[in-house]
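One structure is given here, and the rest of the page talks about it.
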Amino acid sequence: MPFGHRRNRIDRSLRERGVPPEPQQREREELATDGPWDQADAPADGLPRVDLGALRVPALKGTELRVDVNQQQQVIGATLRAGESLLQLSVFAAPRAGGLWDDIRVELAKSASGQGASLTEVEGPFGTELAGTVLVQQPPQPGQPAAKPVRRPARFLGVDGPRWFLRGMISGPAATAAGDASLLEEAFRAVVVVRGSAPMPVRDPLPLTLPPQAAEQLARRQAAGSRPPGGPAGPAGPGSAG
């Protein structure tokens with residue numbers, strides 16, 4: 001089913017004359033989609049999906065899912081690996097009117113430029129996206145000084161849904177023109193977002209949780225004093241480029 005939104009339009013001439021105008025409704029703009037999906041519109045396709053709370057991530061053959069956990073051991077995102085390429089997923093609360101992706105593209109491009117990288121708007125399978133390079137901090141090696149950030153190819157995908165915004169970042173070979181991104185694009189298209197009814201500030205991350213089995217494994221590792229699985233694979237904010 002299509003996503004759509006309404007916007008109110010006010011007659012300025014009435015406002016200038018001091019007459020309280022009545023909001024007029026524009027015709028509903030219907031934007032057809034074949035994914036990513038809102039929970040209310042999710043297809044009965046039989047595709048297995050991992051339940052991460054606000055995200056249902058498809059379990060496609062050839063991909064491996066890693067849950068991203070911050071230092072407070074809170075789930076902040078999910079990463080799908082296909083070969084040497086990654087798709088990082090993050091989901092946020094958005095206004096009913098949509099349009100968050102327009103603002104975030106500008107912020108991402110500016111952030112990348114300020115770091116010495118570059119992102120440019122291009123048209124892709126999900127509409128306007130950003131493609132270019134970002135700077136990625138290498139994990140520290142024991143006994144070695146901190147490594148300098150490296151420049152890597154990246155694509156940012158964005159979809160405005162009903163009161164949610166889904167961001168995907170493809171990095172690695174699949175982010176280049178010569179790379180095969182079809183599997184990760186298929187995965188992004190099959191994501192289902194569960195927004196919930198609770199009011200949330202715009203741009204706040206939607207709550208993510210570990211699947212029960214993974215949560216039990218994490219609890220056992222914590223009890224044993226081990227490090228939790230996964231780690232921050234990317235920034236948690238919707239407008240952060242690296």
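Among (1) more than 16 Å from Val193 (Cβ to Cβ); (2) crowded, with 20+ Cβ neighbours inside 10 Å, where does Ala93 come up short?
(1)
Residue-wise test of (1) within 26 Å of Pro153 (Cα to Cα); (2) modelled with pLDDT of 95 or more.
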| residue | (1), (2) |
| --- | --- |
| Arg9 | no, no |
| Arg12 | no, no |
| Arg17 | no, no |
| Ala40 | no, yes |
| Thr63 | yes, yes |
| Val75 | yes, no |
| Arg81 | yes, yes |
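Acidic (Asp, Glu), in contact with a helix residue (DSSP H, G or I) (Cβ under 6 Å, 6 or more places away or on another chain) and surrounded by 12 or more Cβ atoms within 10 Å (Cβ to Cβ) - does that describe any residue in the stretch 142-162?
Yes.
Can we say Arg155 is out of contact with any Phe, Trp or Tyr (no Cβ under 6 Å at 6 or more places or on another chain) and either of a type in the set (Phe, Trp, Tyr) or on the phi > 0 side of the Ramachandran plot (or both)?
When the stated conditions are applied, Arg155 does not pass them.
Any residue in the stretch 162-183 that's modelled with pLDDT of 95 or more: show its pairings with residues that are assigned to a helix (DSSP H, G or I) at Cβ separation under 6 Å, as long as the two are six or more apart or on different chains.
Phe165/Leu100; Gly168/Phe188; Ile170/Leu184; Ala174/Leu184; Ala181/Ala174
Give the stretch 102-136 a look and list any residue that's touching a residue at least 40 places away in the same chain (Cβ under 8 Å) and assigned to a loop (DSSP other than H, G, I, E, B), or say none.
Passing the criteria: Gln115, Ala117, Pro125, Phe126.
Can you report the number of residues in the stretch 125-141 which are surrounded by 15 or more Cβ atoms within 10 Å (Cβ to Cβ) and not hydrophobic (A, V, I, L, M, F, W, C)?
Within the stretch 125-141, residues that are surrounded by 15 or more Cβ atoms within 10 Å (Cβ to Cβ) and not hydrophobic (A, V, I, L, M, F, W, C) number 3.
Give the number of residues within the stretch 54-70 that are in a strand (DSSP E or B) and open to solvent by less than 20 Å² (accessible area, probe 1.4 Å).
5
Assuming Leu210 fulfils every condition listed in (1) in contact (Cβ under 8 Å) with a residue 60 or more places away in the chain; (2) part of a loop (DSSP other than H, G, I, E, B); (3) more than 19 Å from Arg66 (Cα to Cα); (4) not acidic (Asp, Glu) apart from one, which condition is it?
It fails just one condition, (3).
The values are calculated or read from the model by the stated rules, or taken from the named source; none is laboratory data. Predicted model, so just to flag it, every value in this text is computed and none were measured. Backbone-built Cβ (ideal geometry, glycine too); neighbour counts: all protein chains shown. Ligands, DNA and RNA are stripped out before the accessible areas are found, and what is left, the full protein with its side chains, is counted by its heavy atoms. Shrake-Rupley method; radii C 1.70, N 1.55, O 1.52, S 1.80 Å.
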